[in-house]
Amino acid sequence: NVIPYASRSYKPWYVAGRVAAREARARIGFLTAFPDVPELVSVINAFVEGVAAENPSLLPVHVLSSLSWFSPPKEAVAVRALHDLVGCDVIAQYTDSFVAAEYANELTDGTYSIQMHGRATRYYGDSVLTCVYS
């Protein structure tokens, strides 16, 4: 007796988008593992809808992909580009590392991250606005 199911993982990302829009001062970025995985597309869309509902002047959300679920070096390049080149002061991350949280924690300019995993708040404290999964 096995019943397959899948959660609607995009729903908490809508709330995360609203949180991002409340804290952002300039631009919002989103680092995703892959640009064409249906689950990730729905997550990004929900996040963008949350930003739009809270503060549409912060659109568009700038999305970059690392093309890997776990590649801290690639993710670090993408996070730095979102912050340093695009000017994002809130960066959401849907990969399996804490690179955005690490980078935001190192800065003193009020940059924040939104993480996929709840453990990030234990290690990076106030630089993490919220975590979508525990």
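Across the range 85-113, which residue is surrounded by the most Cβ atoms within 10 Å (Cβ to Cβ) among those that are over 13 Å from Ser66 (Cβ atoms) and among the acidic types (Asp, Glu)?
The extreme case among them is Asp89.
Of all residues in the range 56-77 being over 13 Å from the mean Cα position of the chain (by Cα) and crowded, with 16+ Cβ neighbours inside 10 Å, which is farthest from Tyr133 (Cα to Cα)?
Within the range 56-77, the match that is farthest from Tyr133 (Cα to Cα) is Leu58.
Has the range 86-98 got any residue that is over 23 Å from Ser7 (Cβ atoms) and among the hydroxyl-bearing types (Ser, Thr, Tyr)?
The answer is no, given that none of the residues of the range 86-98 is over 23 Å from Ser7 (Cβ atoms) and among the hydroxyl-bearing types (Ser, Thr, Tyr).
Residues in the range 87-98: is at least one under 14 Å from Val19 (Cβ atoms) and assigned to a loop (DSSP other than H, G, I, E, B)?
no
For the range 2-14, does any single residue satisfy the condition of being open to solvent by less than 50 Å² (accessible area, probe 1.4 Å) and assigned to a loop (DSSP other than H, G, I, E, B)?
Looking for residues that are open to solvent by less than 50 Å² (accessible area, probe 1.4 Å) and assigned to a loop (DSSP other than H, G, I, E, B), one finds at least one in the range 2-14, hence yes.
Can you tell me which of Val51, Val63, Val79 is closer than 18 Å to Ala26 by Cα, in contact with a strand residue (DSSP E or B) (Cβ under 7 Å, 6 or more places away or on another chain), free of Cβ contacts under 8 Å to residues at least 40 places away in the same chain and not in a strand (DSSP E or B)?
Val51
Which of the residues belonging to the range 118-127 are open to solvent by less than 40 Å² (accessible area, probe 1.4 Å) and either part of a loop (DSSP other than H, G, I, E, B) or within 14 Å of Leu31 (Cβ to Cβ) (or both)?
Once the filter is applied, which keeps residues that are open to solvent by less than 40 Å² (accessible area, probe 1.4 Å) and either part of a loop (DSSP other than H, G, I, E, B) or within 14 Å of Leu31 (Cβ to Cβ) (or both), the range 118-127 yields Gly118, Ala120.
Which residues, taken from the range 16-48, are assigned to a helix (DSSP H, G or I), among the aliphatic types (A, V, I, L, M) and either under 11 Å from the mean Cα position of the chain (by Cα) or surrounded by 16 or more Cβ atoms within 10 Å (Cβ to Cβ) (or both)?
Passing the criteria: Ala16, Val19, Ala20, Ala21, Leu40, Val43, Ile44, Ala46, Val48.
The values are calculated or read from the model by the stated rules, or taken from the named source; none is laboratory data. Here the structure is a predicted model, which is why all the values come from computation and not from measurement. Neighbour counts run over all protein chains shown; Cβ positions are idealised from the backbone, glycine included. Please note that ligands, DNA and RNA were not included when accessible areas were found on the heavy atoms of the full protein model with its side chains. Shrake-Rupley method; radii C 1.70, N 1.55, O 1.52, S 1.80 Å.
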